[in-house]
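The values are calculated or read from the model by the stated rules, or taken from the named source; none is laboratory data. Just so it is clear, the structure is predicted and the values come from calculations on it, not from any experiment. Neighbour counts are summed over all protein chains in view; Cβ atoms, including those assigned to glycine, are modelled from backbone coordinates with ideal geometry. Only protein heavy atoms, including side chains, enter the accessible area calculation; ligands, DNA and RNA are left aside. Shrake-Rupley method; radii C 1.70, N 1.55, O 1.52, S 1.80 Å.
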Amino acid sequence: MGREPVPAGRRRGRNWAGAWRKTPGRVFGTGVIRLYQLTLSGFVGHSCRHIPTCSEYGYEAIARYGLWNGGFMALFRVARCGPGGTHGLDPVPEQLAGGARPTWPWRFWHLSARKPGDADG
C-alpha cells in the first residue's frame, strides 16, 4: 500500500525514496544522518569508496530496518570504508537473513564482504 521507490533518473534527493514506517527511532536515526549530510559532509570531503555513499547507505538501512539493525549496518559499513576495506557497489540488502539471534549485531559485519573470485569493481 506504500509508494514504490522512484527510479534513479527521477529522484529529487540523494536518499532512499521508498516507503518506510515513521517510527521514532527511524525518524531520529535518519534525521541525524540527514543533519550530517547537510552540515559536516561538505567538510569531510567526498572520499567514500562505495556506491551508495556511507551516509546514503545508513539512511536507507535505518529507514528499512529500524534504528537498531540499520544503525549497526551503517556503523559496520563506515568501518569497512576505511583503508584496507571494501570498495565498489554495496547496496543495502533487500532482506535480512534470519537467524536464532536476530538482534546479534556482528552478523552485519560480513553482510557485503567480498568472496574469493569476485571481480574488483
Long-range neighbours under 8 Å by Cβ, at least six apart or interchain, first residue in a helix (DSSP H, G or I) within the range 58-81, second polar (S, T, N, Q) and open to solvent by 50 Å² or more (accessible area, probe 1.4 Å): W68/T103; N69/T103
Subset of the range 36-57 (residues that are part of a helix (DSSP H, G or I) and farther than 22 Å from K22 by Cα): S41, G42, F43, V44
Output for the range 49-93, where each listed residue is surrounded by fewer than 18 Cβ atoms within 10 Å (Cβ to Cβ) and of a type in the set (S, T, N, Q): T86
